[in-house]
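Single-structure report; data block below.
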Amino acid sequence: MPNTKSVGVAFSDPELTSGTTITGAVIDSTSKILSNIANGSTASQQGATIATTSNSDVFIIAPAAGTLTSAVFSGVDALATSDTNYITFSITNLGLTGSGSAVMLAATDANTTKATGGTALTANAARTLTLNGTAANLVVAAGDRLRIRAAATGTLANTVTFPVYRVNFTVV
């Protein structure tokens, strides 16, 4: 391509404007990661204090279509393990209409504060929750409403204040 710029300008990229067609371009996974093309999305939400009894729910709207890749919890207060008084964490994809029921976290003791199979909560520390092993349960559409629940069984030793949940997605 001949240089059409004034003297002293050796090279200039062609300007791309709306409607410009690029042919023969390939964007592979490496190019996408090294570019500014979004390949992931994160949503965080602070909830109300987790009570010593009952359910404490937080809702997040999926920012884009994709797949849940991780879920993280953190609260200001520590909570010891117990097999009778514990929290069970869950995430349910309620879908766009609120009627969905896809279980996004593994329904195992790993997502509890049980002494047998669970983990205590450490004050101000991030805790990664275990995802459901069924890939289809991790898929979200843009705008899906996700209910994150901390369900207290028995009576917890204390409340957990300023709970924050972060969910990470790959974008399709």
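The values are calculated or read from the model by the stated rules, or taken from the named source; none is laboratory data. Here the structure is a predicted model, which is why all the values come from computation and not from measurement. Using ideal geometry, Cβ is built from the backbone for each residue, glycine included, and neighbour counts are taken over all protein chains shown.
Listed values, structure above:
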| item | result |
| --- | --- |
| Members of segment 121-138 that are surrounded by 15 or more Cβ atoms within 10 Å (Cβ to Cβ) and over 18 Å from the mean Cα position of the chain (by Cα) | 121 |
| Qualifying residues in segment 53-94 (those that are in contact (Cβ under 8 Å) with a residue 60 or more places away in the chain and acidic (Asp, Glu)) - the one surrounded by the fewest Cβ atoms within 10 Å (Cβ to Cβ) | 57 |
| Any hit, segment 75-95, residues being at pLDDT below 95 and over 14 Å from residue 149 (Cβ atoms) | no |
| Number of the exception - residue 169 against (1) more than 15 Å from residue 66 (Cα to Cα); (2) in contact (Cβ under 8 Å) with a residue 40 or more places away in the chain; (3) of a type outside the set (S, T, N, Q); (4) not in a loop (DSSP other than H, G, I, E, B) | (1) |
| Search result, residues across segment 139-159 that are of a type in the set (A, V, I, L, M, F, W, C), part of a strand (DSSP E or B) and either in contact with a Pro (Cβ under 8 Å, 6 or more places away or on another chain) or under 12 Å from residue 104 (Cα atoms) (or both) | 139, 140, 146, 148, 150 |
| Enumeration of residues in segment 160-172 that are farther than 12 Å from residue 104 by Cα and of a type in the set (Val, Ile, Thr) | 160, 161, 164, 170, 171, 172 |
